[in-house]
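Let me begin by presenting the structure, written as structure tokens, before commenting on it.
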Amino acid sequence: MTQEKMKDVVSKLLIDDPSNFKFHAAYLAYLEAWEENPSDETRIELNRLISSLNVIDGNFEEFYANLGQFRKQREFNPRFRIQSQRKSDWRRTEKRDARNSRYR
């Protein structure tokens, strides 16, 4: 079997059900893993996982446990830090800056 025919054989399953929130979330996780893993063997296993979840009425814990090996772990990296202050401190700073800007 050639590579082109093999890619036709392994295709993404379109069995999403937006009315079922849990299954829809699982399907989105399946799509994400599908895009991250281009190998045919992995995609066959992903298809088996989502179809078994669809046929058997929802063992989501087992599904996510099996899906975890195909998903890439993302590190949390905050790009900025949010600093807050009290309103009175902010007003005091604004008054001081306005006063100083008049005399510059």
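Bear in mind that the values in this text are calculations on the coordinates, not laboratory data. Every value quoted in this text rests on a predicted model; they were computed, and no experiment measured them. Counting neighbours? That spans all protein chains shown, and the Cβs are built from the backbone with ideal geometry, glycine included.
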Proxy exposure order for Leu31, Leu14, Leu46 (fewest C-beta within 10 Å first) is Leu14, Leu31, Leu46
Sorting Ile56, Ile50 on the 10 Å Cβ count, fewest up front, what's the list? Ile56, Ile50
Cα-based helix-to-principal-axis angle, 40-55 vs the chain, degrees rounded to 10: 90
Residue among Trp90, Val55, Phe80 farthest towards the positive dipole end of region 50-104, charges placed on Cβ: Trp90
Pull out the extension gain between Ile56 and Asn37, defined as 0.36 nm times the separation in residues minus the alpha carbon to alpha carbon distance; nm, one decimal. 4.4 nm
Find the centroid of the Cα atoms in region 76-101 and in region 30-58, then give the distance between the two in whole Å. 49
Under 24 Å between alpha carbons - lysine pairs in the chain that sit 8 or more apart or on different chains: 5
Under a crude label model (7 Å from the Cα following the beta-carbon direction), how far is Arg96 from Ile15 in nanometres? 6.4
